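Engineer: Got a structure for you, written out below as structure tokens; questions coming shortly.
The values are calculated or read from the model by the stated rules, or taken from the named source; none is laboratory data. Only a predicted model underlies this, so the values are computations on that prediction, with no experimental measurement involved. Cβ placement follows ideal geometry from the backbone for every residue including glycine, while neighbour counts extend to all protein chains displayed. Side chains are part of the model used for accessible areas, which takes the heavy atoms of the whole protein and leaves out ligands, DNA and RNA. Shrake-Rupley method; radii C 1.70, N 1.55, O 1.52, S 1.80 Å.
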Amino acid sequence: MTTRLIGVGNSIDEKGSLNEKGQLTPTIGSSISDENALPLAAPEESSSRLFSWKRRRDLDAIATQPSVFDDPTTLEVYRPPPEYENAHRFDPNARWTYREERNVLRKVDWRITVWACIMFFALDLDRNNLTQANSDNFLDDLNLTTNDFNLANALFRASFLIAELPSQLISKRVGPDNWIPTQMMLWSVVSFAQFWLKGRASFLACRTLLGFMQGGFIPDIVLYLSYYFTKSELPIRLAFFWFSNYVSHIVSAFLATGILRLRGTHGFEGWRYLFLIEGLLTFGIGIGAWFLMPAGPTQTKAWFRPKGWFNEREETIIVNRVLRDDPTKSDMHNREGLSIRGIYQGLKDWRLWPIYCLGIVHMIPVGPPQTYLTLSLRNLGFNTTETNLLSIPSTVLGGLLLLAAAFFSERVNSRVAATVILQIWALPLLIALYTFNSHTSQWAYYGVVTLITGFPYIHPIQVAWTSRNSNSVRSRTVSASCYNMFVQAGAIIYANVYRADDKPLYKRGNRALIGVASMNIVLYTLVFFFYRTINARRDKVWNSWSEKEKKEYLETTKDEGNQRMDFRFAY
């Protein structure tokens, strides 16, 4: 297959038009005013058909996508400033082949994405090992109740939430390559210190501190990955990033099966060894992060890595393909902090509020069954080993559905269609769970709960959706934290849905979850029409302007991020 080339004109009309998703689509076969114009690949368009696969490419054809840098007018509007850390590798005339692009992406994935997944694996190991501890009589050993457990989860989520934005601001000032390793080592100390828990006060204190130390890690990583990947590539990488969460659940279940057998060794309970061993493992990964997290694609050289990871050609490809996809990524240096005004502007961006609302409610229908999975299995009569092993099938199912949802999102090019499936999945299962009584077979209960907790995890898609609709580094820094804060607020809510006086079937709680799932389906529909209406209004205004007016707007506008008239929201 040969790649069609695109002529680069001198105006927006000659260059192309904006599609409904906010992507600039050049016209195939447009007139070429400059005989020396460099060739470009045909623009890649996301298909709206589920089963339409990409055509085979000529690997030696030009892969460089059309962008605002191909027009002399918009080139100067979007040219990276000198203080941008990768400015020395920016070249609007750079061209590369699909073969080069594929090889560079593989290298970036191995160096950057894999390590990001390992770090998230460590976070989740320390964040969720309380679930395995519960299967080893943790609550009884410390004379705790279900309500104490709920309070600890709420405090963890609240402190996690409070730390989100401050952590993100620190990371933006000192760089995620410095802040993330520091975070990991700090929280791992708190994690293994749980070995010495004495009772309710120390338990609540440790969970609160752990939340403070871990808060902000996820948006920090999302911003860090955006330095290397385009908007269409990021959701898939985030899917694998969160897939490591599921790998952590599976590995931790097997680890717990062995470690918890240490109960009685030197007079200590098995769960104490669980916190100690897994905390020390995370501490080691935190040390490794100091050496395996470069500041950016052109900053991989260090005293222990004198040649760096990428050569000059590879750096040029990484930088230019990312900037061609989203020129706003050069707005800020990766060591540049946010001003108070910048934070305020990000917080008051009402166009992102609908996604924040989805963040707070989307996990509520499945959160309580997931949190109480091991406790529910123990209540059904399964022992410690059986409980940990029986939690694995839901984790495997959830991981597979996570990846399927991410690929589905990009295939249909609709964030709403890919994210509402969680509610559609959960609703009938919650109704079935509500009908169960004390005479229901424990295996029937286990089967339904496994399907509920094996839900398609759409959080990575919504994280990428927030990032895409921010359209600037400043806004993206704040919005990533704000979205995750709303997610943690939702976790605080669902941590208190199942109450001690409602056990063991939690009829009242499940009735509430059914209502929330039904509400969420309506909410996703409203969000779809919200963004669709904004895009339609902008199209109407933009298309009513003359070419002179469009050019004047691009050169003089004070609009930033998603406020720009030439930006269209993803939905």
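Engineer: Regarding Arg511, is this residue over 27 Å from the mean Cα position of the chain (by Cα), more than 30 Å from Leu377 (Cβ to Cβ) and part of a helix (DSSP H, G or I)? Quick ask: steps written out before the conclusion?
Structural biologist: Details: over 27 Å from the mean Cα position of the chain (by Cα): yes; more than 30 Å from Leu377 (Cβ to Cβ): no; part of a helix (DSSP H, G or I): yes.
Criteria not met by Arg511.
Engineer: So Ala480 ticks every box in (1) exposed (fewer than 14 other Cβ atoms within 10 Å of the Cβ); (2) aliphatic (A, V, I, L, M); (3) closer than 30 Å to Leu223 by Cα but one. Which box is left unticked?
Structural biologist: (1)
For (1) surrounded by 12 or more Cβ atoms within 10 Å (Cβ to Cβ); (2) basic (Lys, Arg); (3) farther than 30 Å from Thr557 by Cα, each residue gets a yes or a no:
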residue	(1), (2), (3)
Arg508	yes, yes, yes
Leu513	yes, no, yes
Asn520	yes, no, yes
Tyr524	yes, no, yes
Asp539	yes, no, no
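Engineer: Condition first: among the hydrophobic types (A, V, I, L, M, F, W, C), more than 30 Å from Gly337 (Cα to Cα) and not in a loop (DSSP other than H, G, I, E, B). Now tell me which residues in the stretch 56-85 satisfy that.
Structural biologist: Ile62
Engineer: Can you find, within the stretch 235-255, the residue that is surrounded by the fewest Cβ atoms within 10 Å (Cβ to Cβ) among those that are of a type in the set (A, V, I, L, M, F, W, C) and touching a Cys at 6+ places or on another chain (Cβ under 7 Å)?
Structural biologist: Phe240
Engineer: Right, another one. Please work out which one of (1) crowded, with 22+ Cβ neighbours inside 10 Å; (2) under 23 Å from the mean Cα position of the chain (by Cα) is the condition Tyr498 fails and give its number.
Structural biologist: Only one criterion in (1) crowded, with 22+ Cβ neighbours inside 10 Å; (2) under 23 Å from the mean Cα position of the chain (by Cα) is unmet by Tyr498, namely (2).
Engineer: Right, next: For Asn562, state whether it is open to solvent by less than 60 Å² (accessible area, probe 1.4 Å), touching a helix residue (DSSP H, G or I) at 6+ places or on another chain (Cβ under 9 Å) and among the polar types (S, T, N, Q). Let's see the steps before the verdict.
Structural biologist: Working: open to solvent by less than 60 Å² (accessible area, probe 1.4 Å): yes; touching a helix residue (DSSP H, G or I) at 6+ places or on another chain (Cβ under 9 Å): yes; among the polar types (S, T, N, Q): yes.
Answer is yes for this residue.
Engineer: Taking the stretch 398-447, which residues are at pLDDT 90 or above and not in a helix (DSSP H, G or I)?
Structural biologist: Once the filter is applied, which keeps residues that are at pLDDT 90 or above and not in a helix (DSSP H, G or I), the stretch 398-447 yields only Val420.
Engineer: Restricting the first residue to the stretch 276-288 and requiring it to be touching a residue at least 40 places away in the same chain (Cβ under 8 Å), which pairs with a second residue that is assigned to a helix (DSSP H, G or I) and of a type in the set (Asp, Glu) meet a Cβ separation below 8 Å and a spacing of at least six or different chains?
Structural biologist: Glu278/Asp126; Gly279/Asp126; Thr282/Asp126
Engineer: Among the residues in the stretch 120-129, are any among the small types (Gly, Ala, Ser) and under 21 Å from Gln299 (Cα atoms)? Give the derivation first.
Structural biologist: To start, the set of residues in the stretch 120-129 that are among the small types (Gly, Ala, Ser) comprises 122.
Next, only the ones that are under 21 Å from Gln299 (Cα atoms) stay: none.
Checked against the condition, which is being among the small types (Gly, Ala, Ser) and under 21 Å from Gln299 (Cα atoms), the stretch 120-129 yields no hits at all.
Results for (1) in contact with a strand residue (DSSP E or B) (Cβ under 6 Å, 6 or more places away or on another chain); (2) on the phi < 0 side of the Ramachandran plot; (3) modelled with pLDDT of 90 or more, shown as yes or no for each residue.
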| position | (1), (2), (3) |
| --- | --- |
| Ala133 | no, yes, no |
| Asn137 | no, no, no |
| Asn153 | no, yes, no |
| Arg157 | no, yes, no |
| Leu161 | no, yes, no |
| Ile180 | no, yes, yes |
| Met185 | no, yes, yes |
| Asp220 | no, yes, no |
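Engineer: Among the numbered criteria (1) among the hydroxyl-bearing types (Ser, Thr, Tyr); (2) within 21 Å of Phe241 (Cβ to Cβ); (3) open to solvent by 50 Å² or more (accessible area, probe 1.4 Å), which one does Thr533 miss?
Structural biologist: (2) is the only condition that Thr533 fails.
Engineer: Restricting to the stretch 192-234, and then to whatever is among the basic types (Lys, Arg) and in contact with an Asp or Glu (Cβ under 9 Å, 6 or more places away or on another chain), can you tell me which residue is most open to solvent (accessible area, probe 1.4 Å)? Don't jump to the end; show me each part of the working.
Structural biologist: Step one: list which residues in the stretch 192-234 are among the basic types (Lys, Arg), which gives 198, 200, 207, 231.
Next cut, in contact with an Asp or Glu (Cβ under 9 Å, 6 or more places away or on another chain) only: 200, 231.
Working: Arg200: 117, Lys231: 56 Å².
Here the residue is Arg200.
Engineer: All but one of (1) buried (at least 17 other Cβ atoms within 10 Å of the Cβ); (2) more than 15 Å from Gln183 (Cβ to Cβ) hold for Ile285, so report the exception by its number.
Structural biologist: (2)
Engineer: Follow-up. If you take the residues of the stretch 358-393 that are part of a helix (DSSP H, G or I) and under 21 Å from the mean Cα position of the chain (by Cα), which of them is surrounded by the most Cβ atoms within 10 Å (Cβ to Cβ)? Steps first, please.
Structural biologist: From the stretch 358-393, those part of a helix (DSSP H, G or I) are 358-361, 367-371, 373-379, 384-390, 392-393; that's our starting set.
Narrowing the set further to residues that are under 21 Å from the mean Cα position of the chain (by Cα) leaves 358-361, 367, 370-371.
Working: Leu358: 26, Gly359: 22, Ile360: 18, Val361: 21, Gly367: 22, Gln370: 19, Thr371: 23.
Checking each candidate, the answer is Leu358.
Engineer: Can I ask one more? Within the stretch 86-192, which helices (runs of 4 or more DSSP H) (wholly inside it) include 3 or more residues that are touching a residue at least 60 places away in the same chain (Cβ under 8 Å) and touching a Gly at 6+ places or on another chain (Cβ under 9 Å)?
Structural biologist: Numbers: elements: 98-108, 114-134, 138-141, 146-174.
Those helices (runs of 4 or more DSSP H) span 114-134, 146-174.
Engineer: Additional query: Looking at the stretch 256-271 only, could you name the residues that are modelled with pLDDT under 90 and buried (at least 19 other Cβ atoms within 10 Å of the Cβ)?
Structural biologist: The answer is Ala256, and nothing else.
Residue-by-condition table, conditions (1) aliphatic (A, V, I, L, M); (2) under 28 Å from Thr64 (Cβ atoms); (3) open to solvent by 20 Å² or more (accessible area, probe 1.4 Å); (4) at pLDDT below 90:
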position: Ile318; (1), (2), (3), (4): yes, yes, no, no
position: Val322; (1), (2), (3), (4): yes, yes, no, no
position: Asp331; (1), (2), (3), (4): no, yes, yes, yes
position: Asn334; (1), (2), (3), (4): no, yes, no, yes
position: Gly337; (1), (2), (3), (4): no, no, no, yes
position: Ile340; (1), (2), (3), (4): yes, no, yes, yes
position: Gly346; (1), (2), (3), (4): no, no, no, yes
position: Asp349; (1), (2), (3), (4): no, no, no, yes
position: Trp353; (1), (2), (3), (4): no, no, yes, no
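Engineer: Go through the stretch 483-493 and give me each residue that's open to solvent by less than 20 Å² (accessible area, probe 1.4 Å) and over 30 Å from Arg341 (Cβ atoms).
Structural biologist: Ala491
Engineer: Here's something else I'd like to know. What is the one condition in (1) open to solvent by 20 Å² or more (accessible area, probe 1.4 Å); (2) among the aliphatic types (A, V, I, L, M); (3) closer than 30 Å to Trp290 by Cα that Leu123 does not satisfy?
Structural biologist: So Leu123 meets the others, but not (1).
Engineer: Consider only pairs whose beta carbons are under 7 Å apart and that are at least six residues apart or on different chains; among these, list those whose first residue lies in the stretch 242-257 and is farther than 21 Å from Phe217 by Cβ and whose second residue is open to solvent by 60 Å² or more (accessible area, probe 1.4 Å) and at pLDDT below 85.
Structural biologist: Listed pairs, sorted by first residue: Ala253/Leu389; Thr257/Leu389.
Engineer: Moving on to the next point. With the structure loaded, tell me whether Arg335 is outside any helix (DSSP H, G or I) and out of contact with any helix residue (DSSP H, G or I) (no Cβ under 6 Å at 6 or more places or on another chain) or whether it fails that test.
Structural biologist: Details: outside any helix (DSSP H, G or I): yes; out of contact with any helix residue (DSSP H, G or I) (no Cβ under 6 Å at 6 or more places or on another chain): yes.
So Arg335 passes the test.
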